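To start, the structure itself, in structure tokens.
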Amino acid sequence: MKLRRLLGVMVKELRQMRRDRITLAMIIGIPVMQLLLFGYAINTNLRDLSAGVADQARTSASRMLARDIVATGVISPTLEAATPQQLVDAMRRGEISIGIVIPPDYERRRAEGREALQILVDGSDNAVQSTAAQLARMPLDSAGFSPLATGAISVVSFYNPQRSSATNIVPGLVGVILTMTMVLFTAVAIVRERERGNMELLIATPLTSAELMVGKVVPYVAVGLLQTGMVLALGAWLFRVPMGGSLLDVFIAAGLLIVANLALGLLISTRAQSQFQAMQMTFFLFLPSILLSGFMFPFAGMPRSVQWFAELLPLTHFLRLIRGVMLRGASLWELWPDVLALLAFSAVMMAGAILRFRKRLD
């Protein structure tokens, strides 16, 4: 082994990495992204959870108790309800995560030492359940009474009272698998045609850019739906994951995510110069999706600016859809904002891919 030849190869590799902007961005970008995400964006201590309050007592003591609960910083009231059922309906639609119920005879219950406060919690997210349990242990006070004892507060968990991890993870895993595979499949689609020499044949055909893009997307939709069915079947068989809503709604939601990811993959494919570059860019986009969408870490624990960025990720909206349908029994009509978000994302990404693609070799 000659040192001069060895140094020559090392210099060649360094120059090649310097000229490859995608690789250079990965070298610098991934450590910086992980540092910012784990140090700034990810937080398991939930604050400002969307909540609804049903104060049926409507006395000065009950209003003071509600203010005391809000002062903890755990919840942020977004809904004022008249009955507990209204809170449950809002929770099913995903509008709130926690419901606070103060009974009509609140003061008498406090005086007799009976249950005087009920906390309703969306159990489809285990982190929210843990936060609700912590809220129930806090020393809540109101005028003329001693702090509420633990026995005076009841926590009612909906949709996953057993706190089964599989019930929470399996629906989200559908989205993670579809995001990883669908983006990757189409990210290498155009690049693969160019590397194999098939682009010359496509150029000679009367295909338009739109026809080529759509034609490459449609077959993978069937593949994605097959993957969805496999994960759902295994989840129900091995982990007894419930299906609270319509199975058709689940597949429609999966179809929306599949199309969104395929369109994103096509846009990447029009930018990448090689299949390796396409895989690099796919991984670079997959990392924030899995960390910021609410699959691994609670969405409510992230700073507001990070939540705004996460709203741009299709996986964020799909997790709300599939957990809402499978675990809470909601319909897609009730979750229409996330449906519209996925449709808009797909339209923008597909339009960008069609505009960027040109039927030529350069």
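The values are calculated or read from the model by the stated rules, or taken from the named source; none is laboratory data. No experiment lies behind these values; they were computed from the predicted model shown. Ideal geometry is used to build each Cβ from the backbone, glycine not excepted, and the neighbour counts take in all protein chains shown. Heads up: the accessible areas ignore ligands, DNA and RNA and are worked out on the full protein's heavy atoms, side chains in. Shrake-Rupley method; radii C 1.70, N 1.55, O 1.52, S 1.80 Å.
Report the antiparallel proportion of the DSSP beta bridges in the chain as a percent, rounded to a multiple of 5.
In the chain, DSSP labels about 25 percent of beta bridges as antiparallel.
Would you pull out the residues with amide H under 5 Å of Val74's amide H, same chain only if 5 or more places away, H placed 1.01 Å from N?
Asp48
Beta carbons within 10 angstrom, averaged per residue: use that to sort the peptides 316-325, 175-184, highest first.
Ranked by mean Cβ neighbours within 10 Å, highest first: 316-325, 175-184.
Could you let me know the centre-to-centre spacing of region 212-253 and region 259-274, using Cα atoms, in angstrom?
That distance is 21 Å.
With charges only on Cβ, +1 for K and R and -1 for D and E, what is the dipole size of the chain about its Cα centre, in debye, rounded to 20?
Taking the Cα centre of the chain as origin, the dipole is about 1720 debye.
Suppose the chain between Gln307 and Val218 were pulled fully straight at 0.36 nm per residue; how much longer would it get relative to their current alpha carbon spacing?
Result for the pair: 28.9 nm of gain on full extension.
Can you tell me the orientation of helix 314-326 relative to the chain, as the angle in degrees between its alpha-carbon axis and the longest Cα principal axis, to the nearest 10?
The angle comes out at about 50 degrees.
Counting heavy atoms of the protein chains only and a 1.4 Å probe, report the per residue accessible area for the chain as a whole number of Å².
For the chain, the per-residue accessible area is 50 Å².
How many nm separate the modelled label positions at Ile252 and Leu287, each set 7 Å beyond the Cα in the direction of the Cβ?
3.7
With the dipole of the chain worked out from charges on the C-beta (+1 for Lys and Arg, -1 for Asp and Glu) around the Cα centre, which of Met243, Pro219, Met64 lies farthest toward the positive end?
Pro219
For a Förster distance of 56 Å, can you work out the FRET efficiency between the beta-carbons of Asn45 and Arg19, rounded to the nearest 0.05?
According to the calculation, E is roughly 0.80.
Using modelled backbone amide H atoms (1.01 Å from N, in-plane), which distant-in-sequence or interchain residues come within less than 5 Å of Leu327's amide H?
Gly244
Rounded to the nearest 500 deg cm²/dmol, what is the calculated helix-only ellipticity per residue at 222 nm for the chain, with -39500 (n - 2.57) per DSSP H run of length n ≥ 4?
-20000 deg cm²/dmol
Please determine, in degrees from 0 to 90 and to the nearest 10, the orientation of helix 21-36 with respect to the longest principal axis defined by the Cα atoms of the chain, where the helix direction is its Cα long axis.
So the helix axis and the longest Cα principal axis differ by about 10 degrees.
Over the chain, what percent of the accessible surface lies on carbon and sulfur atoms, probe 1.4 Å?
Using a 1.4 Å probe with all protein chains present, the chain comes out at 64 percent carbon and sulfur.
Considering the dipole of the chain built from charges on the beta carbon (Lys and Arg +1, Asp and Glu -1) around the Cα centre, which of Gly229, Leu120, Ser164 is farthest to its positive end?
Gly229
Just need the relative contact order of region 246-332 here, percent rounded to a whole number, with Cα pairs under 8 Å and 6+ apart.
41
By how many degrees, 0 to 90 and rounded to 10, does the Cα axis of helix 275-292 deviate from the longest principal axis of the chain?
Around 10 degrees separate the two axes.
Tell me, what HN-Hα J-couplings in whole Hz come from the Karplus equation 6.51 cos²θ - 1.76 cosθ + 1.60 at θ = phi - 60° for each residue of region 298-311, using x for Gly and Pro?
x, 5, 5, x, 8, x, 4, 5, 5, 4, 4, 5, 5, 5
Taking the Cα centroid of region 171-197 and of region 50-107, what is the distance between the two, rounded to the nearest whole Å?
Using only Cα atoms, the two centres lie 45 Å from each other.
Can you give me the distance in nm between label points at Leu343 and Arg356, each placed 7 Å from the Cα along the Cα-to-Cβ direction?
2.5
Which residues' amide hydrogens lie under 5 Å from the amide hydrogen of Leu120, considering only partners 5 or more residues apart or on another chain, with H built in the peptide plane?
Correct list: Gly99, Ile100, Val101, Val156.
Quote the FRET efficiency, to the nearest 0.05, computed for Glu211 versus Gln134 with a Förster distance R0 of 51 Å and r equal to the Cβ-Cβ distance.
0.35
So how do Glu311, Glu211 rank on accessible area, 1.4 Å probe, biggest first, that is with the largest at the start?
I get Glu211, Glu311, largest accessible area first.
Once phi is turned into ³J(HN,Hα) by the Karplus curve 6.51 cos²θ - 1.76 cosθ + 1.60 with θ = phi - 60°, what whole-Hz value does each residue of region 52-57 show in order, with x for glycine and proline?
x, 10, 10, 8, 7, 7
What is the spin-label model distance, in nm, from Met230 to Val70 if the labels are put 7 Å beyond Cα along the C-beta direction?
Result for the modelled spin labels: 5.0 nm.
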